[in-house]
1. State the Cα centre-to-centre distance between region 358-427 and region 609-633 in whole Å.
2. Over what distance in Å are the Cα centres of region 57-103 and region 219-296 separated?
3. Hey, any idea what Rg/Rh is for region 711-779, computing Rh the Kirkwood way over Cα pairs?
4. Please give the contour-minus-distance gain from LEU69 to ILE429: 0.36 nm per residue of separation, less the Cα-Cα distance, rounded to one decimal in nm.
5. What is the calculated FRET efficiency for GLU665 to LYS738, with r their C-beta to C-beta distance and R₀ = 35 Å, to the nearest 0.05?
6. Can you give me the distance in nm between label points at TRP155 and ASP754, each placed 7 Å from the Cα along the Cα-to-Cβ direction?
7. Could you pull the accessible area for LYS421 with a 1.4 Å probe, rounded to 10 Å²?
8. So what J values fall out for region 581-586 if you push phi through Karplus, 6.51 cos²θ - 1.76 cosθ + 1.60 with θ = phi - 60°, rounded to Hz, Gly and Pro as x?
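The values are calculated or read from the model by the stated rules, or taken from the named source; none is laboratory data. Since the structure is predicted, the reported quantities are computational estimates derived from the model, not experimental observations. No Cβ is skipped: glycine too gets one built from the backbone with ideal geometry, and neighbour counts run over all protein chains shown. In case anyone asks, the SASA skips ligands and DNA or RNA and just uses the protein heavy atoms, side chains included. Shrake-Rupley method; radii C 1.70, N 1.55, O 1.52, S 1.80 Å.
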Amino acid sequence: MPFRKAFMKRQKLLHSLGAVLGLVLFSAVLWVLHRELQEYHYHDIVHHVQEIPGRRFALALLLTVLNYLVLTGHDTLAFRYLQYRLSYGKIALAAFLGYAFSHNSGFALLSSASMRYRLYSTWGLSTGAIATVVAFNGVTFWFGVLLLGGIAFVWEPLPLPSSLQLPFFRSVHPLGVVFLLLVAAYLLFSAVRTTPLKIREWELPLPPFRLAVAQVVLSSLDWMLAASVLYVLLPAIDGLSYPQFLGVFILAQIAGVSSQFPGGLGVFETVVLLFLSPLLPPPAILGALVAYRGIYYLLPLGVATVLLAIHELLQKQETLGKLADAFGRWTPVLTPQILALSTFLGGVVLLFSGATPAIHSRLAWLNDFLPFPLIELSHFLGSVAGVALLLLARGLQQRLDAAYHLTVILLAAGILFSLLKGFDYEEAILLAIMLGALWPCRPYFSRRASLVGEQFSPGWIAAIAGVLLGSIWLGLFAHKHVEYANELWWQFALSGDAPRALRATIGAVGLVLLFATVRLLRPVPQAPVLPQPADLERARAVISHAKETEAHLALLGDKELLFSESGNAFIMYGIEGRSWVALGDPVGPESEIKELAWRFRELSDRHGGWTVFYESSKEYLPLYLDLGLSLLKLGEHARVPLTTFALDGKSRKPLRNVCNRLEKEGCKLGVIPTTEVAGLVPELKVISDAWLAERNTREKGFSLGFFDPVYLQQGPVAVVRREERIVAFANLWLSADKEELSPDLMRFLPDAPDSVMEYLFLQLMLWGKQEGYRWFNLGMAPLSGLEDRALAPLWNRLGALMFRHGEHFYNFQGLRQYKDKFDPEWEPKYLASPGGLALPRILTNIAALISGGLKGVIAK
């Protein structure tokens, strides 16, 4: 337990440290911008944006469209490398949404991979194939950077700005040589090497030479188009060739990607400004960068968001049936994420708008027919609504119903405030699009949890703090000519932009501080600990109403318990490494299960863990998809319907023979009531120890029962006696309303008659039928029922192969055949987890939980 606590603290510290470093870097970016722009005013930037000719805006828009079309070619090449056929329409959809989303978010590779996984997995691609597509795209991305950057840095290298003060480099020329050598080596390897490249245990098949050349060419075209969008927005620059500009653009993009800020925001702009400011006035550069950010980043994101809104409004129409099929499986997971991002951006728009001066001609027109206090109040409330949207975006990501309703209200209010504070119809239209996208998505926000109680990760806190910091800096920069004094706060005038911005900023910061104070006053959540007797008693009360017998495993006491707020439902889970593994589905009333599952998801996230549900049933698969988890089939679960079970008939003759033979040997089943089990514990302990010694094994746990006197006394025990001597036993789980009966710990003496456990099963089934139970639970058959087909996911094919040929490791087929002779009904069981590259570690952690550590996985 001390090790686990230390591990969780370390994970939390690493997450917090990354967020703090990001915020420090963003602060440094603001400082550089402040230094470079100290001689200029906000109006200079606005003026340069307005001076960009309309034809250049149109050309930049055309180049953006062409660039995103070229980006779909990255995925197309990846599918050629995979030798997998998929229609271009599906590839283009996944690529466009993947790039539109990743360009505007931090950790672009992860967000892009997540988007592709959600789409491609619904179209039959395995996890391994999707990982290959993502990796191939990453290689394609970087080789375009290397080729163009190498050419630009070698051909016409710009000197590094003196302000960077790098000790080893005065020019990017050496970097260009390295870039070109890397590209040449890649192409040479793909041309001459026919065997996969081996790096330790990894084998990396290189693409054919033609495909490698296509990668480099296509990526180079992608980067040239992306750079051209900004190039056409800039004024004409004497002394700067296009190759030189391309080198600056690539350096800025590398810095932006490395920062992991959403879209490299601030970092990209700062690098471009540092290199181009000797050649062009900084306001002209920033004006072009603002236009570029809107055209290349925000516009595609808006299109992606609108696509979702149109789908939600029209998916029930028959003409869009095929589109609904394509979207339907991933929208419940993806939609809240995109809407959370768009809401966050809406908050940024309102905050930045409140920090900058209004257009005076519009303001004067409004003042002709609106009371001036209403204009002032609208400006103040617009910024307050903006910061509230930043906070609500987290609630939308967590699918809270209260966050949905409040966001709808605040977006509508933001539209009104934008019009009333200065007739800013541009931002009102943008907020209206966001509201239109959010409005039809009410079904995806069904969680009834407290907004104040939601956990904000270090990344979210840093993002909100960064936006506030940027808003404050923007306000100071926009009104740098104003002399700040105590009476400024109380100045109310139509031309008083600075006092309005100051009041709005104070209101926004005040709301954040109030929210933070309320959260700080809440009780600190406790770290997970093993249950105490009182916790087990609470769990026992819940189990007494459960229809699933596996819920009794909570009474082992080897798993943590997370209870719902009412205490009427719980999740039992174990922690190994970063894996937080819930055993089975949540136990309790249907009305409390969804919120409890989300609480478990948030608890594991809070400690930097992976949320896992092991041996989950098909009934709750939609819930696990909503949690953002991936699904893998583990095998099948066998249950015998007792209402129709009998030993009559020709097919049952082998089973009748077992019963007859053991009864002739003097065997008889007895079911010991719970109150009498304590007196038998010493005798049962002898049988259990002998059984373990005979198999040279040790007790397991987590998903398997183990011998514990207290645990055995939680329910009745079935025993097989031969001439009054107990030779075999199994403790029983009995569900509520006599829905199900299941044996747990099954042990017998080495000298017990052959087929004694089969006899015990048969007699228990007959006993259960007589007592009115509907099902007899035989437990799991691992890897059973997995399809080995060409288009099946990789895990299914590997599992099916293991099921057929893995008898050396585990009796997979034998266990299935043994349970089949009781004619059970088979039900699938699943693993819900983050999946991807974390899957091998998760499976190892689960094995360690069951075996009592990694040593137990290897040894018996």
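1. 39 Å
2. Going from one Cα centre to the other spans 22 Å.
3. Values: Rg = 12.1 Å, Rh = 12.5 Å.
Rounded to two decimals, Rg/Rh equals 0.97.
4. Working: separation 360, 0.36 × 360 = 129.60 nm, distance 2.66 nm.
In short, 126.9 nm is gained.
5. Values: r = 31 Å, r/R0 = 0.90.
FRET efficiency, GLU665 to LYS738: 0.65.
6. Once both label points are built, they end up 8.4 nm from each other.
7. Accessible surface of LYS421 is approximately 10 Å².
8. 9, 7, 8, x, 8, x
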